[in-house]
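Structure first, commentary second.
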Amino acid sequence: MAAYKGFADCIRLLLFLDAYRGRQDKEGCTPLHWAAIRGNLEACTVLVQAGKKEDLMLTDNTGFTPAQLASDKNHRQVAFFLGNARKLLDKRCDGNSRLGKLSKLGLAPVLWCTIFLLLVTYTHSVIMAPNLPKLTAGFALLAWLGVFLATSGLVLFYRCSSTDPGYIKVNMHDSQNTRDDEPLLKMEINHPALLAGNWAQLCSTCKIVRPLRAKHCSTCDRCVEQFDHHCPWVSNCIGKKNKWDFFLFLVVEALAMVITGGVALTRVLTDPLAPSSFGGWLSHAANEHVGAIAFIVSDIFLFSGVAILTAVQASQISRNITTNEVANIMRYSYLRGPGGRFRNPYDHGCKRNCSDLLITGYNEDIERDEESSESEGLRMMQIGRASNLQNGACHSHQTNGNTEGNGGHVVVNVNKSSNTHQSHVHSSYCTHHKNNQKTDSVPVGLGIGLGGRNSGRSVIAS
């Protein structure tokens, strides 16, 4: 019923309580079948993420899979999602097999070997090349600086791959604990997420209430704090505890590629033995500097990707937002403000966001206090208005008997010829004569709407 109605939070709660997602009713339909029939994408997403490949292949009494039912009901987006999910699960290797264990290493060994091979090629074919002129002291220092940065990048690369990205502790099953059959009883009833009704923070796999910005990684099979993305190149998730290492790795490697690429290109272009014509130089470089040309081409190709990734990460760090949040802006309710517009409650300004990451290595999940900011702004506006009133020329003088009562009043004189606004403040504490003398001009704000008349007159505000 929850899948048919599209109640995603109810589905999460039932899965958290170990509900059997593959159970078929009298029509042969599983919860995924009913979610596909109604075309509810969020319900299908929750069930697929918590399920297995067999759930996508089960057929009902009519012989239709969930993807086929969605297509038959003209729910194209759901059918496309279920079809892609099945393809991805078909490509995924069994984790217990040798190939599956090897696939868990990801592309980290490939990237590490690539960086090491380029470093060796640069050292042998550019710095120590026998067919190129000897390096000067200053240029040699710059060339070896590139080697140092690339080597430091390998160290940071190892840290990114091996460091805990912010895994959240999993509730382990205890056979002697009678409360393991009811995982909700093991939690505090006054948990803020449960009191607020945020059932989306329940993880049916880890059996925990995860933080708001955390996400369960299907590759690592763990919940990660401030989940950014799972990077196959480092074979690890990027999260709260290793995001600084990952960004520093990108920056160091980008600088290394700029320096080494510039040194290699300068060395090849300034070869004194090369012909002066472009065609002759190209032929000479291809025959005499094969290693240097191969390094330059590889360096340019890799730098384009690393530079883009570095710029994207820098932009997200300055706004204190993750890649996962950017990709799911429309799904996460905490990223929507009044009117459904995008609002990032964790953005405290570029300066603070960057300084927090630089000093502590991560950003805390502290929402900015918008109410205090608004009240501070109103208070500053009131102070500004009060100061404008105080800066106006106010004079007090003795009232006469023609004045009704002793209450004070303001007289604003509008003079057409001079287009200036003048005022007097009359009170019972006046000290000078009661003749109509001109006074200093008051702030423009007091005369708004009083000018532009055909003749000058006095406006009295009691």
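Taking the conditions exactly as written (at pLDDT 90 or above and in contact with a Cys (Cβ under 7 Å, 6 or more places away or on another chain)), does residue 317 satisfy them or not? So residue 317 fits the description; yes. Of the residues making up the range 114-153, those that are surrounded by 15 or more Cβ atoms within 10 Å (Cβ to Cβ) and small (Gly, Ala, Ser) are 125, 129, 143, 146, 150, 152, 153.
Contact map, the range 127-154: first residue under 14 Å from residue 268 (Cβ atoms), second residue aliphatic (A, V, I, L, M) and in a loop (DSSP other than H, G, I, E, B), Cβ cut-off under 8 Å, separation 6 or more or different chains; pairs are 127/135; 131/273; 143/135.
Screening the range 285-366 for helices (runs of 4 or more DSSP H) wholly inside it with 2 or more residues that are without any contact (Cβ under 8 Å) to a residue 40 or more places away in the chain and of a type in the set (Lys, Arg) returns the ranges 350-360.
Among the strands (runs of 3 or more DSSP E) confined to the range 206-269, the ones with at least 3 residues that are touching a His at 6+ places or on another chain (Cβ under 9 Å) and within 23 Å of residue 314 (Cα to Cα) are located at 236-238. Can you find a residue that is in a loop (DSSP other than H, G, I, E, B) and touching a residue at least 40 places away in the same chain (Cβ under 8 Å) anywhere in the range 273-283? Looking through the range 273-283, at least one residue is in a loop (DSSP other than H, G, I, E, B) and touching a residue at least 40 places away in the same chain (Cβ under 8 Å).
The residue pairs whose first member lies in the range 51-70 and is within 14 Å of residue 87 (Cα to Cα), whose second member is charged (D, E, K, R), and whose beta carbons are closer than 6 Å, counting only pairs six or more residues apart or on different chains, are 56/86. Of all positions in the range 248-259, at least one carries a residue that is modelled with pLDDT of 90 or more and among the acidic types (Asp, Glu).
Screening residue 40 with (1) modelled with pLDDT of 90 or more; (2) within 28 Å of the chain's Cα centre (by Cα) gives one miss only, at (1).
Residue check: residue 37 meets all listed conditions (1) in a loop (DSSP other than H, G, I, E, B); (2) buried (at least 20 other Cβ atoms within 10 Å of the Cβ) but one, namely (1).
Selection of the range 1-29 for residues being modelled with pLDDT of 85 or more and either assigned by TED's automatic domain parsing to the domain that holds residue 219 or surrounded by 23 or more Cβ atoms within 10 Å (Cβ to Cβ) (or both) yields only 29. Among the residues of the range 214-258, just one is in contact with a helix residue (DSSP H, G or I) (Cβ under 7 Å, 6 or more places away or on another chain) and among the basic types (Lys, Arg), namely 215. Is it the case, given these coordinates, that residue 82 is closer than 16 Å to residue 7 by Cβ and surrounded by 21 or more Cβ atoms within 10 Å (Cβ to Cβ)? Taking the combined requirement at face value, the residue does not satisfy it. Picking from residues in the range 43-79 that are of a type in the set (Asp, Glu) and at pLDDT 85 or above, the one that is surrounded by the fewest Cβ atoms within 10 Å (Cβ to Cβ) is 72.
The values are calculated or read from the model by the stated rules, or taken from the named source; none is laboratory data. Computed from a predicted structure; not experimentally measured. In this analysis, Cβ positions are derived from the backbone assuming ideal geometry, glycine residues included, and neighbour counts consider all displayed protein chains.
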